[in-house]
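Below you'll find the structure, written out as structure tokens, and then a few comments.
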Amino acid sequence: ADFDAKKKRKVAEIYQALNSDPIDVAVLRRMAISEGGLLTDEIRCKVWPKLLSVNTDDLPPLPGKELREDSKDYQQVLLDVRRSLRRFPPGMPDDQREVLQEELIDIILHVLKRNPQLHYYQGYHDIVVTFLLVVGDRLATALVEKLSTHHLRDFMDPTMDNTKHILNYLMPIIDRVNPEVHDFMQSAEVGTIFALSWLITWFGHVLSDFRHVVRLYDFFLACHPLMPIYFAAVIVLHREQEVLDCECDMASVHHLLSQIPQDLPYESLISKAGDLFVQFPPSELTKEAAQAAQAERTAASTFKDFELASVQQRPDTVLRQRFRERPRGEERTKSILTKPRTNRFVKLAVMGLTVALGAAALAVVKSALEWAPKFELQIFP
């Protein structure tokens, strides 16, 4: 009864924010972040456009099939969509699913056609299908286009540099919270490639329960574009004992971490990720995230990167081929200073402010990741 009462109060607050003039987006953000998220797909259809500043009264017309004839990405999109069976609700009739898959292809090609600066990547369809299933094809097209030019923009560059840079925040976050786990992972030379598919699909590719996926999308849409990497960090930290009990070698630790548990305590992890974002904002971690790159960012060492990126656009292919094992750098000395814990009650306010920064907040030093691949890694099983 108490749960139902809380839910009713939350629904009332959401509709009050939607009906105010002007619409109270700050309240909608807080509702999307707080326990339970936006509760229903009906509410998401109304709130997600507000979180992305999309005008639902002026939606683009549905794309036509002619897009398929002149798209360089059509064949790859087709292959990825055909492989996406498990992203549709179990028990959905085949004919209904096939219609949705056709719509999925059209949405992706439409966004790429209208934004030639964007480059398709394997895993993008995992994000698009989530929007399609929640809000339908026409609204999904508008939301995905806005998302692709903002939150997902760095993943859609012709090279992986900015995606690597975002992944490079993972270890500094872990280090601030649990130096023991950080040092163990560094000793195992596992890198962060295990989290790549988490990041670039907003966990849509790795979570089997759709309810958990849309709950995370509520959270990410209301927050700073770097929030998914903080959530990745709290998943690793949540599994502290499993990590430390693992064999300290790359293959073992990578295998453990890439198998994401399906029974995670999502609400407490969301709350923890929000706390960490406030406590250790990206601006504080930029220097550490860049340190790993210093030895690699010379003309000689990056020429191969440049050469590969110019001929191959698919991230999984580039990643598997681009990086070779490099000598381990000297371990950096740890700072004995620790940051005071920020009052968690300012968390939501700070998130509400930082989300407005959008892509500008990501325009920080470009850097590369510490990779030590000793074998080929299958990013998308």
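The values are calculated or read from the model by the stated rules, or taken from the named source; none is laboratory data. Please read all numbers here as calculations on a predicted model, not as lab measurements. Reconstructed Cβ throughout: ideal geometry from the backbone, glycine too, with neighbour counts over all protein chains shown. We work out accessible area using only protein heavy atoms, side chains counted, and drop any ligands, DNA or RNA first. Shrake-Rupley method; radii C 1.70, N 1.55, O 1.52, S 1.80 Å.
With each label point set 7 Å from Cα along the Cα-Cβ vector, what nm distance links LEU52 and ALA26?
So the two model labels end up 2.5 nm from each other.
Give me the percent relative contact order of the range 1-152, please, defined on Cα pairs under 8 angstrom at least 6 residues apart. List each step's numbers first, then the result.
Details: 111 pairs, mean separation 38.6, N = 152.
25 percent.
Along the charge dipole of the range 1-152, pointing to its positive end and built from +1/-1 on Cβ of Lys, Arg, Asp and Glu, which listed residue (LEU67, ALA32, VAL111) has its Cα farthest out?
Working it through, the farthest residue towards the positive pole turns out to be ALA32.
Between LYS287 and HIS255, what length comes free when the chain is fully extended (0.36 nm per residue of separation minus the Cα-Cα distance, one decimal in nm)?
Values: separation 32, 0.36 × 32 = 11.52 nm, distance 2.91 nm.
Separation in residues times 0.36 nm, less the Cα-Cα distance, equals 8.6 nm.
Can you send over the solvent-accessible area of THR163, 1.4 Å probe, protein chains only, in Å² to the nearest 10?
0
Give me Rg over Rh for the range 118-215, both radii from the alpha carbons and Rh done the Kirkwood way, two decimal places. Could you put the intermediate results ahead of the total?
Numbers: Rg = 15.6 Å, Rh = 15.0 Å.
For the range 118-215, the value is 1.04.
Expected output is a single nm value to one decimal: the length gained when fully extending between ASP2 and ARG83, i.e. 0.36 nm times separation in residues minus the C-alpha distance. What is it?
Working: separation 81, 0.36 × 81 = 29.16 nm, distance 4.22 nm.
This chain segment gains 24.9 nm when fully extended.
Could you tell me, in Å, what Rg and Dmax come out for the Cα atoms of the range 19-173?
Final numbers for Rg and Dmax: 16.6, 47 Å.
Over the range 160-312, what portion of Cα pair distances is larger than 19 Å, expressed as a whole percent? Write down the numbers at each step before the final one.
Working: 6412 of 11628 pairs.
Everything past 19 Å amounts to 55 percent.
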